[in-house]
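Read through the structure below, which is laid out as structure tokens, and then see the notes.
What follows is calculated from the coordinates using simple rules that are stated; it is not laboratory data. Every value quoted in this text rests on a predicted model; they were computed, and no experiment measured them. No Cβ is skipped: glycine too gets one built from the backbone with ideal geometry, and neighbour counts run over all protein chains shown.
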Amino acid sequence: MKEWPKCGTSGGASYTPRYMLLVVQKFGGTSLADADRIRKVACRVVETYRAGNNVVVVVSAMGKSTDALVNLATEITDTPHPREMDMLLTAGERISMALVAMAIEAHGVPAVSFTGSQAGILTTADHGRAEILDIRAFRVQESLDEGKVAIVAGFQGVSPDSKDVTTLGRGGSDATAVALAASLGADLCEIYTDVDGVFTADPRVELAARKLEELTFEEMLELANAGAGVLMPRSVEFGIRYNIPIHVRSSFHDGEGTWVKEETMEEPIIRAIAHDDSGAKLTVHGVPDQPGIAAAVFEPMGAAGVNVDMIVQNVSSQGVTDISFTVPASSADAAVEVAERVASEIGATGVDLDKGISKITVVGAGMKSESGVAAEMFGILSASGVNIEMISTSTIRISCIIRSEDTQTAIEALHRELIGERS
Ligand code: ADP
Ligand code: ASP
Ligand code: MG
């Protein structure tokens, strides 16, 4: 029998199966930032394989190379064609998939890499934000059957309609991994990243943040939608739809990470805090307060592809009111253009754009059966001198729009009062 080369202590074989598991392991950009890190990723994969598992690896582009490609395109033109932009960006994952395959092969383990298209990831034709429609992973399955490790380029697919290559939106490799795990009937989906798991707040912003052992899918989805970039929201939606538990863990050591799953042992009132300063607020002033006006403002926003988040309509005075709403900063210019056109059609007096906002969100499944949490949050913010400009809630979430310069103060105060210090 062949002797496999030793991989050292990079971790990896933390599952000692009594029977063969199918494991999907996704590695993010930082985990693949240079040749050395790629070798370490390969070790982890090889150890998981040598422990007797089938392994499918999903890779992101190396380091910050997707950002570099975006910047390169904007040096060429302000209006890159979306199709060509996707052709460009998918190249990032293609580089890592080939290098990871080589690094695994260097250990004597057979490995084969696939682009999203070769892996059968079929998507809508919406460049830059395509949705996965179906996965026909025949080639991936075939390579597993032949005893190979399959490496799939994350964040990309192909549209069966346009026949063009597409990307799934930033952070999309997470979605590739969970969707592929669902389609292959995998036993485990592991998301390896540059932090130890999902924390009670972004550990780079809140130093007292603690790693969570577990949280529910619905909590993670609220956090991800509220800006906790550790998982892309769509990956959590796949987790929910196909009940695929997701293990978020460090690619730098072997310790247990965080399990995102259907139910957890405990349901704390507040599980975690998220923040998002990538939004902008628009206000349409002097809007006539009459039926049909909200539709007149927001229907054209939807038609222009602007994703509206929070909406607040003020109390009207003398038959006119102000409507404020938030949009991603990247859509702010398009939103202003639409709002100005609509304002002149409906006789509103003007449109204001405010890019200095931040959204702060607390999430916890235990909120469902607890009253007074919102009032407590508002009290903590007010005691810290933080002004609340807008509020929105769901059964397990409260979000407030504040000034972006207050973000750090707000996170620290809410974390201290609602979650507590590290024990
Ligand atoms: P990858 O390249 O591995 O996909 P990302 O940068 O997309 O990594 O996601 C990991 C980052 O998510 C962390 O470095 C951290 O700053 C950020 N993050 C935001 N909120 C949280 C949270 N609640 N828990 C853990 N990480 C978080
Ligand atoms: N490389 C892509 C990005 O930077 C996809 C990913 O990392 O998940 O957004
Ligand atoms: Mg990511």
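For the subset of segment 154-203 comprising residues that are β-branched (Val, Ile, Thr) and within 9 Å of ligand 1 (Cβ to nearest atom), which member is surrounded by the most Cβ atoms within 10 Å (Cβ to Cβ)? Step through it out loud before you land on a result.
Start the filter on segment 154-203 by keeping residues that are β-branched (Val, Ile, Thr), which leaves 158, 165-167, 176, 178, 191, 193, 195, 198, 200.
With within 9 Å of ligand 1 (Cβ to nearest atom) added as a condition, the list becomes 191, 193, 195, 198, 200.
Working: ILE191: 28, THR193: 25, VAL195: 21, VAL198: 30, THR200: 22.
Here the answer is VAL198.
With respect to GLY229, determine if the residue is closer than 29 Å to ALA280 by Cβ and surrounded by fewer than 18 Cβ atoms within 10 Å (Cβ to Cβ).
Numbers: closer than 29 Å to ALA280 by Cβ: yes; surrounded by fewer than 18 Cβ atoms within 10 Å (Cβ to Cβ): yes.
Against the criterion (closer than 29 Å to ALA280 by Cβ and surrounded by fewer than 18 Cβ atoms within 10 Å (Cβ to Cβ)), GLY229 qualifies.
Selection of first residues in segment 325-351 that are under 8 Å from LEU282 (Cα atoms) and free of Cβ contacts under 8 Å to residues at least 60 places away in the same chain and of second residues that are assigned to a strand (DSSP E or B) and hydroxyl-bearing (Ser, Thr, Tyr), restricted to Cβ pairs under 9 Å at least 6 apart or on distinct chains, gives the following pairs, ordered by first then second residue: PHE325/THR283. Of all positions in segment 127-143, none carries a residue that is within 26 Å of ARG249 (Cα to Cα) and in contact with an Asp or Glu (Cβ under 6 Å, 6 or more places away or on another chain). Taken over segment 166-190, the criterion of being within 14 Å of ligand 2 (Cβ to nearest atom), among the aliphatic types (A, V, I, L, M) and touching a helix residue (DSSP H, G or I) at 6+ places or on another chain (Cβ under 6 Å) is satisfied by LEU168, ALA175, VAL178, ALA179. Residue check: THR395 meets all listed conditions (1) more than 19 Å from MET220 (Cα to Cα); (2) of a type in the set (Ser, Thr, Tyr); (3) touching a helix residue (DSSP H, G or I) at 6+ places or on another chain (Cβ under 6 Å) but one, namely (1).
Where strands (runs of 3 or more DSSP E) sit wholly within segment 243-334, those with at least 3 residues that are more than 18 Å from LEU353 (Cα to Cα) occupy 246-250, 258-261, 272-276. Taken together, the criteria place LYS355 among residues that are in contact (Cβ under 8 Å) with a residue 24 or more places away in the chain, surrounded by fewer than 17 Cβ atoms within 10 Å (Cβ to Cβ), touching a strand residue (DSSP E or B) at 6+ places or on another chain (Cβ under 6 Å) and not aromatic (Phe, Trp, Tyr).
Could you tell me how many of the residues in segment 32-65 are surrounded by 24 or more Cβ atoms within 10 Å (Cβ to Cβ) and within 16 Å of ligand 3 (Cβ to nearest atom)? So the answer is 7.
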